[in-house]
1. Does residue 190 satisfy the criteria of being in contact with a helix residue (DSSP H, G or I) (Cβ under 7 Å, 6 or more places away or on another chain), modelled with pLDDT under 95 and not in a helix (DSSP H, G or I)?
2. Please pick out the residue among 372, 385 that is aliphatic (A, V, I, L, M), modelled with pLDDT of 90 or more and outside the structural domain of residue 619 (by TED's automatic domain parsing).
3. Is segment 281-288 home to any residue that is in contact with a Ser or Thr (Cβ under 8 Å, 6 or more places away or on another chain) and surrounded by fewer than 22 Cβ atoms within 10 Å (Cβ to Cβ)?
4. Looking at 178, 153, 145, which is the one that is surrounded by fewer than 16 Cβ atoms within 10 Å (Cβ to Cβ) and over 27 Å from residue 108 (Cβ atoms)?
5. Hey, among the residues in segment 253-267 that are under 18 Å from the mean Cα position of the chain (by Cα), surrounded by fewer than 23 Cβ atoms within 10 Å (Cβ to Cβ) and of a type outside the set (D, E, K, R), which one's nearest to residue 17 (Cα to Cα)?
6. Starting from segment 121-150, take each residue that is in the same structural domain as residue 226 (by TED's automatic domain parsing) and in a strand (DSSP E or B) and list its partners that are at pLDDT 95 or above and polar (S, T, N, Q), counting only C-beta distances under 6 angstrom and pairs at least six apart or across chains.
7. Within segment 360-372, can one find any residue that is buried (at least 22 other Cβ atoms within 10 Å of the Cβ) and either touching a residue at least 40 places away in the same chain (Cβ under 8 Å) or closer than 30 Å to residue 494 by Cα (or both)?
8. Please go through segment 151-171 and pick out each residue that is within 24 Å of residue 94 (Cβ to Cβ) and either in a loop (DSSP other than H, G, I, E, B) or aromatic (Phe, Trp, Tyr) (or both).
Amino acid sequence: MKFKEELEKTGRIPTYKVEDEYELLCSLSDSKPSKRIVNNKKGLKAIKALVDIQKNHNVSWYRYVKDRADKVPHNTALFYRGNEITYKELFSKADIIARSMLKIGVKPGDEIPICMTNTPELVYILLAINKIGVKANIFGEQFNNDYIKEILNECSKKVLFTDDSRYEYIKDAVQSSNIANKVVVSLADSIPKNITTNKYYELELDEYYHYPNKVKSYKQNDNSILSFGDFEKYGINSTYNFENIGSLEDDFLITYTSGSTIVGRPKPIMHKNRSLIVSGRFHDCELSGNPNMKKFSCLAHIPPESNTDLIACISDILIQGWTVCLEPEYDYKKALDYIVLNKPNYLNMTTSFFIEAAKQYLIEGKFKGRKLDSIFTAFAVGEKLSPGEEKFINKFLRKARAGSAVPINGFKMPFTTIGVAAGDCEHGAIFYTLWKKIFELKSKAYGIKECGIYPEAYVNATVLKINSKGEYEECDYGEMGIIVSNSYSNMSGYKNNPDATRKLLITDNLGRTWLSCNVYGYMDKLGGVHIKGRKELLFPRINGNIIPLYELEETVLSDTKRVMSCQVVENNGEIVIIVQPQNEYKTKDIRKSIVGRIINKYGEDILKNIDLIILPFEDSFPLTHSGKRELSAKTLLDKFKRNEDSSIIDGPKKIKYTL
């Protein structure tokens, strides 16, 4: 295999061609998870689809989406505060913006900086950029100011795209970067006129329809600033008509990790056209098992500097010919508002956002009595979903009659069961379980205690361990190891950081090279992946014994009656367990339950090394900008040890032996 040689030469991850290793896969033992690719119809169907993409769709993302969209030109592609934009209108706008970029001198290969939230203009710009063979570098306004300057200095100086909710935060870095054209979109640009008469208007949420247009004031102080309408005029008056058909291997998207490692300086990751095209294709019903729906809508509210938003919530949906519901705000306290405003059928939210929406609906009585019947599929993404959290969220979905207004072949769902999706910006959301209850029943029939999450369309994912020779080899089903993948939706590498890219790569004893997911887990006989915990957060030493943090977490979370959420962190050799209870349970009862289970599993001595914090039900874990829970022990303890900042009802103290 030339995989390793190509990586060493270019510093980039070459495309892994699973069909080229067909014979090797056939020769593997049936106990090895990767054998499933050639051992059943679904796996063979996936290989056939990958070959078809390479042979017949070796094009840009723009061209692939447009070829599909041309079959449904009058379907609604984008929904924004009551504004319904068809696929025909979407591509008309994108083509105008592409001509505008050519007019100001943008050329194939340029890297264009973007700092925007989820608006229709963002989608126009992405399609336009890809049409003319340009790369998009999408960064966040919360990044370190010096880091933003570094990003801008590596990008083209011809144009920057931002919006008036983010420009104020990046203004200093932008003004020192000598960019010729600063295009500032207003969040108000695509809101329909006379919104109060719009059929989707929500009187209770009137504030969300009246964003001030700040672009005019920005233009008064800087004549290089253009409104989106100003920039659009270049293309309207232009005769340019250029399209770079491109290829699957062309770099297109640069997004960023969630930034939990170095706050303010997340790693930039590069994705090819192939990542977006394969991910979208694998959500077709014959590969994914999804229902065959002609019209469906999905909420896009996660910040666009994450490829979870750009790929899973925007690109995948456009490839399906469905509707992207664009939400420009991102505040976990407003999660329920976003659902009511956008009425999505398909909902990706972090577990923390879901928990807050459920609290507001069930406990606070917000939108009391109102059906949220449009929600058919709800996915918890970005962080683990505990059994107690799933229980609480499903209570919310049942009470809201989720799914009851969505017909599938004449059948209406009375409620939905929450699904789970997992992955990261390096791999994309490569694992998911759509019909979780169905898989739970199937798992039990095979003697499997819990339901795993499934690699998308049987893409090649497996689990590796180190054998007696010091080599990595594939685990058998049920055997714990490091979860790895060789997915067509993997990143092509960290930008300007080949060493960091190489550190994620693992070559096994058969010469196959994998991209590590940096988490421990195992795969069951149904192909379900069970993620247990992050690699770097495992195996602290407690009294000389090695105990995975996830084991302690699972021990606490097994009491779904009393415990909803749990976060276990290591702090200078000691363990801190932070617990959020289910509603209406006393601290004393929860503490007794937790301590009893820990003693039963590990003995009393372990308690000397553990602090236990029990939050009020109303409190919340601190979140990162991406909406995921903060995993830093320092950040967690800074919040929970200061009672003036948190209404802690059981602060940190060594657990006593007595129950």
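1. In short, no.
2. Working: 385 fails: modelled with pLDDT of 90 or more.
Step by step, each of 372, 385 is checked, and only 372 is aliphatic (A, V, I, L, M), modelled with pLDDT of 90 or more and outside the structural domain of residue 619 (by TED's automatic domain parsing).
3. The first filter runs over segment 281-288 and keeps only residues in contact with a Ser or Thr (Cβ under 8 Å, 6 or more places away or on another chain), leaving 282.
Subsequent filtering for residues that are surrounded by fewer than 22 Cβ atoms within 10 Å (Cβ to Cβ) retains none.
No, because not a single residue in segment 281-288 is in contact with a Ser or Thr (Cβ under 8 Å, 6 or more places away or on another chain) and surrounded by fewer than 22 Cβ atoms within 10 Å (Cβ to Cβ).
4. Details: 178 fails: over 27 Å from residue 108 (Cβ atoms); 153 fails: over 27 Å from residue 108 (Cβ atoms).
Selected residue: 145, the only one of 178, 153, 145 that is surrounded by fewer than 16 Cβ atoms within 10 Å (Cβ to Cβ) and over 27 Å from residue 108 (Cβ atoms).
5. First pass over segment 253-267, keeping only residues under 18 Å from the mean Cα position of the chain (by Cα): 253-261, 266-267.
Subsequent filtering for residues that are surrounded by fewer than 23 Cβ atoms within 10 Å (Cβ to Cβ) retains 257-261, 267.
With of a type outside the set (D, E, K, R) added as a condition, the list becomes 257-261.
Values: 257: 26, 258: 29, 259: 31, 260: 32, 261: 31 Å.
My answer is 257.
6. 138/255
7. No, there is no match, as no residue in segment 360-372 is buried (at least 22 other Cβ atoms within 10 Å of the Cβ) and either touching a residue at least 40 places away in the same chain (Cβ under 8 Å) or closer than 30 Å to residue 494 by Cα (or both).
8. 155, 156, 157, 158, 161, 164, 165, 166, 167
The values are calculated or read from the model by the stated rules, or taken from the named source; none is laboratory data. Treat the numbers as computed from the prediction; the structure is a model and nothing was measured. Please note: Cβ atoms are built from the backbone with ideal geometry, for glycine as well, and neighbour counts cover all protein chains shown.
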